[in-house]
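The values are calculated or read from the model by the stated rules, or taken from the named source; none is laboratory data. Fair warning: this is a prediction, and the values are worked out from it, not measured in the lab. Virtual Cβ from ideal backbone geometry, glycine too; neighbours counted across all protein chains shown. What goes into the accessible areas is simple: the full protein's heavy atoms, side chains included, and nothing from ligands, DNA or RNA. Shrake-Rupley method; radii C 1.70, N 1.55, O 1.52, S 1.80 Å.
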Amino acid sequence: MAAPSGRSCRRAWAALVPAALLCLVARAAAEPGTAPGATPSTAEVDVRPGGEVHSFSRSLGDYSCSFTYSAQGGTNEQWQMNVGVSEDSGLFSCSIWR
């Protein structure tokens, strides 16, 4: 059995760090008191099948997020989009989930 190399560990960190940063951004944006006078915005997205291209957009202050998709088969699904901005407007977050 071969000894583990340092490369696999670096690859794991290379994948983990961006994911952790994304979680921090999403968490900061989801906290109450984001951007003066702006609260995070969560909206329902009706994902429709049929193979056609659809887009869904939301804005929060000067920031906007657009989700473009094409779904084949199945039935309508309710997804959600969350848009948030940190208190100092230094971080912007846009999340799509089912």
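Things worth noting here:
- Annotation: of all residues in region 75-98 being modelled with pLDDT under 90 and hydroxyl-bearing (Ser, Thr, Tyr), the one that is nearest to SER55 (Cα to Cα) is THR75.
- When restricted to residues that are open to solvent by 40 Å² or more (accessible area, probe 1.4 Å) and not in a strand (DSSP E or B), region 50-98 contains 15.
- Some residue of region 6-14 being at pLDDT below 80, of a type in the set (S, T, N, Q) and either surrounded by 11 or more Cβ atoms within 10 Å (Cβ to Cβ) or at negative phi (or both): yes
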